[in-house]
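Here, each number is a calculation from the coordinates, and none is a lab measurement. Just so it is clear, the structure is predicted and the values come from calculations on it, not from any experiment. Virtual Cβ from ideal backbone geometry, glycine too; neighbours counted across all protein chains shown.
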Amino acid sequence: MASSESDRSSAIEKFGATLAELRVRRGLTQAALAQQLGVTHQAVSQWECGDTMPDILLLPKLAGIFGVSIDNLFGGPEPIQADIAREDIPQDDGKLRAVLFIGNNMVKSQKIMQVLAGDKRIVFKYQGPALNVESHMSLECGDVGGNATAAHSMRCGDVKGSAKAGHSMNCQNVGQDASAGHAMTVGGDVGGDAKAGHSLTCGNVAGNVKAGHSVNVKGSVGGSLKSR
């Protein structure tokens, strides 16, 4: 299993354990909590077992029932201030950023993003060329003149800089390094190193190639090649 999938699974299990602890501490049965949320007690049981996650829109309600922050639901510390601090706002550097808000709170916890990034309903789509793109979720875009980063899957055209995806990647040429937590498919060449947690398919690679599973390089490799 790729590290990103393992981390996500661990975050879901941690959420389930925290939810069960908070529920018991509040003296609620699964059925009583389910009634407050408008779901079945089987759903609550599946959450606590780490089999499934509640809908993202239920997270603020869950946090309100137990009097904690959303970050606390994932085992994180209580934030000092719920509102967005001025230093949290990125500088005006021309980079396109996609972030996620739950209510009026910007999600910054990596534990939460590991879980929410896997929700295929949450995708940052951008049409046309872009300079630099940073998405805390899945990313779909055209050509990128600089770097492209996605917390989950990435599908794009040419990336002149580096390309990094937390899960799968499917793009054309990458000018610098390319890395993906799961499978990677580069239709053209990679100008630096190419690294994938699972399978890797690409053209020429100027640097090293490393994959957790199979490798299919349709051109030359300038450095070393390693796969399991």
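Highest-first packing order for the peptide set 179-189, 215-225 is 179-189, 215-225, based on the mean count of other beta carbon atoms within 10 Å. FRET efficiency for the pair Ser214 and Leu58, taken as 1/(1 + (r/R0)^6) with r the Cβ-Cβ distance and R0 = 45 Å, rounds to 0.70.
One Cα centroid belongs to the range 34-51, the other to the range 167-207; the line between them spans 40 Å. Ranked by the mean number of other Cβ atoms within 10 Å per residue, highest first, peptides 149-160, 10-21 order as 149-160, 10-21. Full extension of the chain segment joining Lys95 with Arg26 gains 20.4 nm, where the gain is 0.36 nm per residue of separation less the Cα-Cα distance.
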